[in-house]
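The values are calculated or read from the model by the stated rules, or taken from the named source; none is laboratory data. Keep in mind the model is a prediction, meaning the values are calculated, not measured. For neighbour counting, all protein chains shown are included, and Cβ atoms are generated from backbone atoms with ideal geometry for every residue, glycine included.
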């Protein structure tokens with residue numbers, strides 16, 4: 001039982017979405033202590049009932065007054081909602097853990113993967129009466145850096161080339177439903193319904209639907225470039241990424257090529273990854289068994305495999321790896337709840 | 001009408017497979033001239049009927065005598081069948097265009113993409129009475145080099161990092177059927193049938209099922225590394241690849257990161273690709289329209305997009321691109337038929 005009078009009061013914002021629902025599931029799984037919890041969402045969802053920890057709650061409409069008496073608020077809404085309500089809640093004393101991209105690159109806002117840069121949380125605690133904004137990194141960044149950071153700490157990554165294989169869940173619950181619907185339609189010889197995505201997703205793949213920025217990269221790719229620098233507190237690391245949406249439900253995969261400053265051989269890399277928190281290795285060459293999205297779906301930990309010396313680089317200055325992680329869990333809700341746990 | 005008495009006599013070996021069938025379709029589409037055609041396959045498929053150019057043929061069992069009087073034989077069988085029958089046919093005067101990996105890296109065997117290295121075909125002609133073995137490169141190599149070679153000729157590729165998104169068709173017609181069957185099963189809440197692949201393919205992806213070699217790369221990846229060097233006749237170019245099977249039917253996609261010896265800006269790259277034979281550009285940033293496997297399915301040409309200066313490299317010494325090509329067509333049958341056309 002994690003309902004305790006002395007524990008912090010919570011609010012979950014965007015509670016009816018895919019990540020919002022996962023917030024509840026992870027909070028409950030981890031017996032997060034709380035004295036009360038407010039279920040908040042847009043007007044459209046207000047009045048719906050959600051279950052949490054054996055009780056039923058009525059979803060309330062998010063308003064400026066919603067954060068009265070709330071110690072910690074977990075946000076998973078669009079960036080514009082976060083921008084409107086996040087700073088105001090923080091000013092009134094609430095610690096906001098925000099899953100949107102709204103504040104990630106803002107100076108002074110902590111961008112945190114607890115296993116990677118816990119030091120960025122320094123001084124932010126519940127019970128001090130001081131509010132704060134903390135940003136949850138983008139799912140692709142979290143999953144990538146969970147595996148790459150232990151290697152980076154050992155050999156310093158100079159340059160990283162990432163190609164992603166991203167699941168439907170990154171675009172929300174409705175996108176997952178559309179993938180199922182489209183697949184049924186295509187199998188039945190019917191034209192696919194395209195509401196969320198502008199094109200056929202079933203048995204197809206396409207460049208990530210985030211807007212393209214001025215340099216030709218899409219925003220999803222630039223998140224990997226910029227967030228890596230901020231999380232590692234390393235302005236020099238070079239990152240490039242190509243982000244692709246594949247017809248998979250809820251876990252992302254990433255092919256990562258690494259160039260190091262210092263030598264790092266395959267076996268040392270394996271050793272480092274074996275010890276890394278939140279990471280496990282699936283790398284059996286004999287049976288051709290490596291990480292897949294299904295392996296990590298609904299799981300907390302990130303799987304890494306295909307660990308091999310990069311044949312395109314001399315000596316032990318390069319590695320290729322393949323990483324899979326649950327987009328909704330470690331890529332979003334779990335990471336946010338882990339941040340929240342550090343506030344206690 | 002391409003049936004002409006003075007034209008070469010043909011054999012299609014492995015005619016009942018996915019690529020074998022595509023050989024027939026491409027030969028017919030391109031009005032390839034022939035005086036006769038033998039339809040060959042394993043004992044199991046002998047006696048089946050296949051349609052070609054408005055006629056019906058009976059599939060004959062492949063034997064040592066099958067190539068008597070055959071000028072050109074198109075092989076699409078496993079490597080062991082090619083090894084058994086290819087050299088013997090060539091010795092008897094047949095020009096063999098082989099789609100397997102059996103001879104690709106053998107010294108003296110031409111490995112040809114007609115748009116890329118036609119010079120490798122020098123001296124091989126039908127009507128000289130001399131047989132030969134010509135190898136069709138691996139599908140991923142063909143699709144990649146169709147887009148990259150025009151850039152390479154301009155700025156010399158120093159290093160290339162490729163991540164593939166490969167379709168079911170590369171594992172044959174039965175694999176495509178298994179993907180459909182598994183998808184139906186998963187949608188119905190049933191466990192997926194795994195005959196061709198050892199694990200769930202529907203709504204999942206996995207490291208390419210080719211055997212892993214000693215260096216930790218799988219054979220599919222090493223084909224990209226080695227074939228690129230042979231086709232470009234460049235022993236220095238550095239290539240690394242990660243090959244992944246995605247739940248798509250018949251076209252491969254590849255994310256390609258390029259490091260050049262000489263500068264090459266985005267606009268020049270676009271200009272070079274616009275003029276490249278067998279390549280077309282889909283690269284509309286405003287509408288987020290880029291190549292997809294479905295765009296190129298059943299098409300001859302390779303599509304390229306997401307052309308952008310690599311932000312992880314200084315100046316104009318790097319590009320990221322995304323390439324899609326039909327695995328069965330340009331990745332196999334079309335390329336082989338184009339080679340065959342050069343023999344006339």
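Every condition in (1) over 23 Å from the mean Cα position of the chain (by Cα); (2) exposed (fewer than 15 other Cβ atoms within 10 Å of the Cβ); (3) not in a helix (DSSP H, G or I) is met by residue A:44 except one, and the failing one is (3).
Checked against (1) assigned by TED's automatic domain parsing to the domain that holds residue B:72; (2) touching a strand residue (DSSP E or B) at 6+ places or on another chain (Cβ under 8 Å), residue B:107 meets all criteria but (2).
For the range B:189-203, taking the residues that are touching a helix residue (DSSP H, G or I) at 6+ places or on another chain (Cβ under 7 Å) and within 12 Å of chain A (Cβ to nearest Cβ), the one that is surrounded by the most Cβ atoms within 10 Å (Cβ to Cβ) is identified as B:201. Every test in (1) closer than 21 Å to residue B:19 by Cβ; (2) more than 9 Å from chain A (Cβ to nearest Cβ) is passed by residue B:253 save one, and that test is (2).
Against the condition within 22 Å of residue B:250 (Cα to Cα) and at pLDDT 95 or above, how does residue B:281 come out, does it pass? For residue B:281, the condition - within 22 Å of residue B:250 (Cα to Cα) and at pLDDT 95 or above - is met.
In this entry, residue B:23 passes the filter for residues that are in a helix (DSSP H, G or I), modelled with pLDDT of 95 or more and touching a helix residue (DSSP H, G or I) at 6+ places or on another chain (Cβ under 7 Å).
Among the listed residues A:63, A:94, identify the single one that is modelled with pLDDT of 95 or more and over 20 Å from residue A:8 (Cα atoms).
Numbers: A:94 fails: over 20 Å from residue A:8 (Cα atoms).
The unique qualifying residue is A:63.
What's the total number of residues in the range A:260-282 that are within 14 Å of another protein chain (Cβ to nearest Cβ), touching a strand residue (DSSP E or B) at 6+ places or on another chain (Cβ under 8 Å) and surrounded by fewer than 21 Cβ atoms within 10 Å (Cβ to Cβ)? The number of residues fulfilling the criteria is 5.
Could you identify the single residue in A:66, A:45 that is farther than 23 Å from residue A:335 by Cα, touching a strand residue (DSSP E or B) at 6+ places or on another chain (Cβ under 7 Å) and touching a residue at least 24 places away in the same chain (Cβ under 8 Å)?
On the way: A:45 fails: touching a strand residue (DSSP E or B) at 6+ places or on another chain (Cβ under 7 Å).
Step by step, each of A:66, A:45 is checked, and only A:66 is farther than 23 Å from residue A:335 by Cα, touching a strand residue (DSSP E or B) at 6+ places or on another chain (Cβ under 7 Å) and touching a residue at least 24 places away in the same chain (Cβ under 8 Å).
Output yes when any residue across the range A:204-223 is touching a helix residue (DSSP H, G or I) at 6+ places or on another chain (Cβ under 7 Å) and touching a residue at least 60 places away in the same chain (Cβ under 8 Å), and no when none is. Yes, there is a match, as at least one residue in the range A:204-223 is touching a helix residue (DSSP H, G or I) at 6+ places or on another chain (Cβ under 7 Å) and touching a residue at least 60 places away in the same chain (Cβ under 8 Å). Yes or no: residue A:128 farther than 24 Å from residue A:16 by Cβ, more than 14 Å from chain B (Cβ to nearest Cβ) and free of Cβ contacts under 8 Å to residues at least 12 places away in the same chain? Against the criterion (farther than 24 Å from residue A:16 by Cβ, more than 14 Å from chain B (Cβ to nearest Cβ) and free of Cβ contacts under 8 Å to residues at least 12 places away in the same chain), residue A:128 qualifies.
Within the range A:209-225, count every residue that is touching a strand residue (DSSP E or B) at 6+ places or on another chain (Cβ under 9 Å), at the interface with chain B (Cβ under 10 Å from one of its Cβ atoms) and surrounded by fewer than 24 Cβ atoms within 10 Å (Cβ to Cβ).
Within the range A:209-225, the first condition is being touching a strand residue (DSSP E or B) at 6+ places or on another chain (Cβ under 9 Å), and the residues that meet it are A:209-212, A:215-225.
Next, only the ones that are at the interface with chain B (Cβ under 10 Å from one of its Cβ atoms) stay: A:209-212, A:215-218, A:221-222, A:225.
Right, trim to surrounded by fewer than 24 Cβ atoms within 10 Å (Cβ to Cβ) and you get A:209-212, A:215-216, A:218, A:222, A:225.
Selection size over the range A:209-225: 9.
Scanning the range B:25-42 for residues that are out of contact with any strand residue (DSSP E or B) (no Cβ under 6 Å at 6 or more places or on another chain) and within 17 Å of residue B:66 (Cα to Cα) turns up B:41, B:42.
One residue stands out among those in the range A:169-188 that are free of Cβ contacts under 8 Å to residues at least 60 places away in the same chain and under 21 Å from residue A:138 (Cβ atoms): the one that is surrounded by the fewest Cβ atoms within 10 Å (Cβ to Cβ), which is A:174.
Report yes if some residue within the range A:62-71 is in a helix (DSSP H, G or I) and farther than 22 Å from residue A:171 by Cα; otherwise report no. No, every residue in the range A:62-71 fails to be in a helix (DSSP H, G or I) and farther than 22 Å from residue A:171 by Cα. Please verify whether residue B:234 is more than 12 Å from chain A (Cβ to nearest Cβ), surrounded by fewer than 24 Cβ atoms within 10 Å (Cβ to Cβ) and more than 14 Å from residue B:150 (Cα to Cα), treating the condition exactly as stated. Answer is yes for this residue.
Kindly evaluate residue A:95 against the criterion of being under 24 Å from residue A:277 (Cα atoms) and in contact (Cβ under 8 Å) with a residue 12 or more places away in the chain. Can you show your working first?
On the way: under 24 Å from residue A:277 (Cα atoms): no; in contact (Cβ under 8 Å) with a residue 12 or more places away in the chain: yes.
Here the answer is no, as residue A:95 does not meet what is asked.
In the range A:299-319, the residue that is farthest from residue A:147 (Cα to Cα) out of those that are more than 10 Å from chain B (Cβ to nearest Cβ) and surrounded by fewer than 24 Cβ atoms within 10 Å (Cβ to Cβ) is A:315.
Of all the residues in the range A:224-248, those that are within 24 Å of residue A:79 (Cα to Cα) and without any contact (Cβ under 8 Å) to a residue 24 or more places away in the chain number 2. Annotation: residue B:322 fulfils all but one of (1) in a loop (DSSP other than H, G, I, E, B); (2) at the interface with chain A (Cβ under 7 Å from one of its Cβ atoms); the unmet one is (1). I need the full set of residues from the range B:283-298 which are over 13 Å from residue A:216 (Cα atoms) and crowded, with 17+ Cβ neighbours inside 10 Å, in order please. B:291, B:292, B:293, B:294, B:295, B:296, B:297, listed by residue number.
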